[in-house]
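Below: the structure, in structure tokens.
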Amino acid sequence: MTIDENTVPPSSTAPPSPGSDASVEFCGEWYTLDREKPFEIGREADLDIDDNQYLHRRFLQISNVDGMWWLSNVGSRLSATVSDSSRTMQAWLAPGARMPIVFGLTTVVFSAGPTSYEFTVHTTTPTFVDASPVPSSSGATTVGAVTFTASQKLLILALAEPMLKREGTGTSEIPSSQAAAERLGWALSRFNRKLDNVCDKLSRTGVDGLRGGVGALATNRRARLVEYAVLSRLVTKADLPLLDEPQADADDR
């Protein structure tokens, strides 16, 4: 099949010109969006993410409708996590759903199989301005009414380590439960028990995609936990040294 060069939005390693209305950045490549033509992201799309058999050929679509940019999930199985630059807003975009792109910088993270992907959408005329997060005076790790123990935070860190170490947008591999347990020096049974506890806590606060069930694979649950934890800043790159510190023997829950 011959592809006309005009059918694929031009990419560049440099940010678009100030006159550009919206653009996408992935792995250092920039794509200028066209108001008249939807921009698709997937395995065989305008933004050809990766040759990953778990990824839809057409997964996400960015289009301009009545002067507003929209992000749509046109896939049938995968979901995406969307956040503003301050990471105080987070949404889960399920198959068939769409949402307006209202911030100047929007981060989109999703997983296909064991691989996680991240790209950003930049707009010059945002509807809302990102709010700066208010630092907490407490050392406790909390999300809403949820408090995590030290070992639960270590579990999240072990799973999120590759994504936190990655610079900028791009791809990262989600560790298996066995690999993450070995990273912590834990037995797999201990790791799985604590993973259940963490997912149950977050599920009770309304975080989607963490409960088991028919078709809910273990890989999907770990991926969703990593996406949520990184974008909500439950764990950050500054926490990574905790993984190499001596651990107490107490098996807290």
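Odds and ends about this structure:
- Between the residues Gly75, Pro38, Ala94, the greatest Cα displacement towards the positive end of the dipole of the range 5-123, with unit charges on the Cβ of Lys, Arg, Asp and Glu, is found for Ala94.
- Reach of Lys165 by Cα under 22 Å, taken over lysines that are not fewer than 8 positions away in the same chain: Lys153, Lys237
- Seen through its C-alpha gyration tensor, with square-root eigenvalues sorted a ≥ b ≥ c, the range 5-123 comes out rounded because a/c lies under 1.5.
- With a Förster radius of 22 Å applied to the beta-carbon distance between Arg166 and Ser86, the computed FRET efficiency rounds to 0.65.
- Amide H contacts of Phe59: Ile41, Gly42, Arg43, each under 5 Å away and 5 or more positions distant or on a separate chain (H built 1.01 Å from N in the peptide plane; Pro and chain starts excluded).
- Calculated from backbone phi, Karplus (6.51, -1.76, 1.60) coupling profile of the range 191-202 in Hz, x at Gly/Pro: 4, 5, 5, 5, 4, 4, 5, 4, 5, 5, 4, 5
- Approximating the spin labels as points 7 Å out from Cα along Cα→Cβ, the Glu29-to-Asp200 distance works out to 4.4 nm.
- Placing +1 on the Cβ of every Lys and Arg and -1 on the Cβ of every Asp and Glu, with no other charges, gives the range 5-123 a dipole of roughly 440 debye about its Cα centre.
- Counted by neighbouring Cβ atoms within 10 Å, the residues Glu182, Glu227 run from fewest to most as Glu182, Glu227.
Throughout, read-outs are computed from the coordinates displayed, never taken from laboratory work. These numbers come from a predicted model, not from an experiment. Reconstructed Cβ throughout: ideal geometry from the backbone, glycine too, with neighbour counts over all protein chains shown.
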